[in-house]
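Please read the structure below before turning to the comments.
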């Protein structure tokens, strides 16, 4: 039976915790709004890029000298998995659900006899994957110094990736991130970026002239397309992280509240019990005289 | 009212401009080109340079680098990796871009050395055109 003083301390500390989680929730809410705005602002570029790329892809896939970023290396032996997670924890199952998805995929690929390489973005994913797949990790991109994820960050990841692709380090690249559905729902997503996939390759309805040639435009555009997809994934991930943190902190705040209620009842009961006990002692003492 | 076309200038992080324009001068890969309404459909990559859009209210210049433009009979959409209204551009920004281009040129492999040299020259030309004095 904890003493009254213990209970009081306990209530105090839970109250402090509730203050912290409440503050974290509010910070996450503010950051979420900014992250959503950023994702919104990036949409026109991504959509336009996707449209032109799928048009170009439809007309140049058949070509013998089609760029390898588009048609692949003709093999799918070596897979590069880019796992994007957050730099910080305390955001519910956000990081672990991405990692779980990635881990499932890695085991699948290994069972099929493929070679797997892992590139992690964000500290949390790296920590979790290192335990099982340390020898498969080929690189890590640290975002802890990056205050605001910008296009430059995506460009940096892309450059790294394309450099490795050109060096023949892998055949297929896939990104793992979390798509933002709503504050309470984030969906771990797998997306193949190299070779490029298009949902529905549509040829242009109008006939364009190209300057310089179609092939050169394609070669210039493909790396940008990869960067755009990575950028979009980073932004979605950012919004998801804040959303997940917000709901995690919301339930933590609620749990702390419930706990305070329970502890307060216990505190009151044991105080009452102590008073009753004292009264009984006084009365029986008086009766004994 | 003169014929107009829908002009959009989009950067990865935001939409820079979206308005009705009478004509748009675009720094295409092989030279400047002007998009007027009823232009034949075309797609061109951009070289670093100055894009100028003419609307009924006047003209506005933008710095653009890296990307492409899609022109149809009633639209001109420019996707540029970096893009700023010319008033926002400072000497430091130009110098930073030129330095980056120069570094890329130095490290360039044989097959892209020409492309990177052109990139660098375009960057310098762009700086000069804007009235900045790029240091060499």
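Readers should treat all values here as calculations from the given coordinates under stated rules, not as data from a laboratory. Here the structure is a predicted model, which is why all the values come from computation and not from measurement. Virtual Cβ from ideal backbone geometry, glycine too; neighbours counted across all protein chains shown.
Is chain B best put as rounded, prolate or oblate by its Cα gyration tensor, with a ≥ b ≥ c the root eigenvalues, rounded for a/c under 1.5, and otherwise prolate when a/b is larger than b/c, oblate when not?
In terms of gyration-tensor shape, prolate.
Model label points for residue B:56 and residue A:137, set 7 angstrom from Cα along the Cα-to-Cβ axis, are 6.1 nm apart. Between residue A:187 and residue A:8, the simple label model (points 7 Å from Cα in the Cβ direction) yields a spacing of 5.4 nm.
Output the 0 to 90 degree angle, nearest 10, between the alpha-carbon long axis of helix A:151-166 and the longest principal axis computed from the alpha carbons of chain A. On a 0 to 90 degree scale, this one is about 50. The label-point distance for residue A:270 and residue A:148, in a model that sets each label 7 Å from Cα toward Cβ, rounds to 5.1 nm.
Using Cα pairs closer than 8 Å and at least 6 residues apart in sequence, work out the relative contact order for the range B:17-65, in percent. Could you put the intermediate results ahead of the total?
Numbers: 80 pairs, mean separation 17.9, N = 49.
That works out to 37 percent.
Below 8 Å between Cα atoms, with a sequence gap of 6+, how large is the relative contact order for the range B:14-136 in percent?
Numbers: 206 pairs, mean separation 24.3, N = 123.
Over the range B:14-136, the number comes to 20 percent.
Peptide B:35-44 shows a mean partner chain C-beta count of 3 within 10 Å per residue C-beta.
Rounded to the nearest 5, what % of DSSP beta bridges with both residues in the range B:5-87 are antiparallel? Intermediate values should be presented prior to the final figure.
On the way: 35 of 40 bridges.
Antiparallel: roughly 90 percent of the beta bridges in the range B:5-87.
Averaged over the residues of B:5-14, the number of partner chain Cβ atoms lying within 10 Å of the residue Cβ comes to 5.
Peptides A:277-284, B:97-104, ordered by how many other C-beta atoms sit within 10 Å of their residues on average, highest first, read B:97-104, A:277-284. Convex hull volume of the Cα atoms of the protein assembly as shown, normalised per residue: 210 Å³.
Please label the shape of the range A:53-163 as rounded, prolate or oblate, based on the square roots a ≥ b ≥ c of the eigenvalues of the alpha-carbon gyration tensor (a/c under 1.5 means rounded; beyond that, a/b larger than b/c means prolate, else oblate).
Details: a/c = 2.34, a/b = 1.42, b/c = 1.65.
Because a/c hits 1.5 or more and a/b fails to exceed b/c, the range A:53-163 counts as oblate.
When each of the peptides B:122-129, A:26-33 is scored by how many other beta carbons lie within 10 Å of its residues on average, the order from highest to lowest is B:122-129, A:26-33.
Over chain A, what is the percentage of antiparallel beta bridges among all DSSP beta bridges, to the nearest 5? All intermediate terms of the calculation are to be shown ahead of the outcome.
Details: 9 of 25 bridges.
In chain A, DSSP labels about 35 percent of beta bridges as antiparallel.
Peptide A:250-263 is shielded by partner chain Cβ atoms: per residue, an average of 0 of them sit within 10 Å of its Cβ. In the range A:33-145, Cα pairs under 8 Å separated by at least six residues give a relative contact order of 24 percent.
Between helix A:214-288 and chain A there is an angle of about 10 degrees, using the helix long axis and the longest principal axis of the Cα atoms.
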